[in-house]
1. Using a 7 Å offset from Cα along Cα-Cβ at residue 180, what residues in the stretch 131-160 end up with backbone N under 14 Å from the label point?
2. Whose amide H sits under 5 Å from the amide H of residue 137, counting only residues 5 or more places off or on another chain, with H placed in the peptide plane?
3. Run the quick spin-label model on residue 460 and residue 339: label points 7 Å from Cα toward the beta carbon, then report their separation in nm to one decimal.
4. With 27 Å as the limit, write out which pairs from 384/494; 47/274; 334/426; 144/373; 396/418 have Cα-Cα distances beyond it, or answer none.
5. Nearest 0.05, what FRET efficiency do residue 156 and residue 382 give at R0 = 56 Å with Cβ-Cβ as r?
6. Under a point spin-label approximation (7 Å from Cα along Cα-to-Cβ), what is the residue 311-residue 51 distance to one decimal in nm?
7. What lysines does residue 640 reach when the alpha-carbon gap must be under 18 Å and sequence neighbours fewer than 8 apart in one chain are set aside?
8. Name the long-range amide H neighbours of residue 473: under 5 Å, sequence gap of 5 or more, or other chain; modelled H, no Pro or chain starts.
Amino acid sequence: MTQPTIETRSFQAHTKKLLDLMIHSIYSQKDVFLRELISNASDAIDKVRFEALTNPDLATDGKIKLVPDKAGRTLTVVDNGVGMTYEEVIEHIGTIAKSGSEAYAEKLKELGKDAATPDLIGQFGVGFYSAFIVSDEVTLETCKAGEANGVRWHSRGDGEYTIARIPPHAHGTRVTLHLRAEAAADEDALPDLDGDFTDPWTLRKVVKKYSDFIAYPIVLDVEKHEVERDAEGKAVPNGKTETTVIEETINSQKALWTRAPAEVTTEEHNEFYKHLTHDWSSPQQTLHFRVEGTQEFIALLYVPEKAPMDLYAREQKRGLQLYIKRVFIASDVKELIPEYFRFMRGLVDSSDLPLNVSREVVQQDAVVARIKKTVTTKLINFFKDLLAKDRTAYEKFWEEYGQAVKEAFHYDPAMKDKIADLLLVKTTRGESWSTLAEVIERMKEGQESLYYLTGEKFDVLREAPQLEVFARKEVEVILLGDAVDEIFVGTLEKYRDKELKSAARGELDGLPESAEDKVKQQEQAGKYEKLLVKLKELLVDDLADVRLTTRLTDSAACLVADEGGMSAQMERMLAQMGQAIPAQKRILELNPDHAVIDAMCQLADKPGTEDQLKDFGEMLVDQALIAEGSPLKHPARFAKRVTETMARAATSA
């Protein structure tokens, strides 16, 4: 027989570093490797069952078999799933965490050897490589149905692996772990087990702990000893003992989602979630419900503990798993859930869809559209109840996923009023979160609008000059620090009949104002008229207008957008997205009570001061840009003017 050609390949540099860190790091629970391998086997059987819908030759009863060898110190996990081709092994097994492995390696390095690092593994797709936690050598043999060859992959976790084509066998995969000696008696890894992964009792305990709900039988070969008995059924003294080997199923197999929600424990949900997502952490929240009537389906949805690193990446995989009458159809079905709830993990099991449904049909199917609508409504009501009943838990959810939820105002404006009830915002009142309804309840008498200010950082927003008059009048302002907030306020416009009004756009009206304030404003308008006219002429290339304002109390000036103009935050957001936008001219507002503005007013009355007034005006614009966190057009020119002004002040002192 011709020997197979063995090819030796090297892992990428950061993958080699990651393997080394994984193998030599201390993990709080080493037994999780078995959960990962069983989950991979279950996924492979799911896929072959789906392919069998169009290829009856693949129809088979799915099974996962554990084969321990105490003498050889090995454990083998065998499945009759879809199998892999030579190229697929290189792509999926020869590469760890194609997006993110380098970041994962750096994170492990930061945390150090003694850190509880397993919670990170699920975020980077390295479940297969958890085998190296207990093994110093791993061999994988796999064959895809219809292929002319099988594939053997082998690695010692030292930065290289070998791969070869072998004679074909029945479709499926077998992973053999050559267990390290220390895995035999690791009390820290398995406090309730003896830690010997070649021991059937240990394997039973691990399967019960992590994988009892797997829909396919997980089996072990078990020896049964029958002693010789007489006609009355009594054991014959010194009689023969007959030993037989039978295959015993060690998991219950019942699909967790098909059980009544009240019957499923938190612990069962936690373990099922980990199997489903390969996440090491338990979920924040769980939503399990059944819909009956004109449409019938079961949904089991989870909120992950932490937002994934690629939540806002375009290439992020998103969506739910789709089952039809307990038969796996597809993963990452984004048509089942709206974009702004893409962080949810879980599944939908429908009784109304045909088993031969394809992804193309799913995209247009009316049943799927109705499922999505129902799931969306259920989720909104679920989060609304959570907000009312457990504020702490909801705030934890919002801090992780609030920015994604606010995308609903872009993707689904018809739901804006319902989503608005879920919003949490920071305000000038303090550091705590508030709902929009709570902000309205605290509004001052005579206040007509909900005021807000957008920006990039909360600490910059809190010190923005545009807020000075609101602080003086004790009017609360909503502070919005997410890029999506510009879309949210532009779409919502009103909440409970209260208009949302920018604190940095248009004329400032709607605030309580005394008769004395109105008289003072009229007097100042006459006093500063000449200064305003000159500054408009001198700065016409940069500004749309120059005017007095009641918005400021301490600062000399600020920049605002016209009523229908684009805010500074929107300009920055579009620029970061690489979108070309026309030059936006904004309005320079001056504080008539500030000493600098008073001095400029006196300067405007003198002839030949235009150049100096222009310099002062441009410096005010630059100061206003710095105060709001926007970049300067000419930072070197601004720095030079500041130093010149400081020098003159020091000389005259």
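Any read-out appearing in this document is the output of simple, stated calculations on the displayed coordinates, not a laboratory observation. Predicted model only: the values in this text are computed from it and were never measured. Because the Cβ atoms are built from the backbone with ideal geometry, glycine has one as well, and the counts that use them run over all protein chains shown.
1. 131-138, 156-159
2. Correct list: 178.
3. 2.6 nm
4. Numbers: 384/494 19 Å; 47/274 19 Å; 334/426 31 Å; 144/373 38 Å; 396/418 20 Å.
Pairs exceeding 27 Å: 334/426; 144/373.
5. Values: r = 48 Å, r/R0 = 0.86.
The computed FRET efficiency comes out at 0.70.
6. 3.6 nm
7. Hits, sequence-local ones excluded: 614.
8. Residues meeting the amide H criterion: none.
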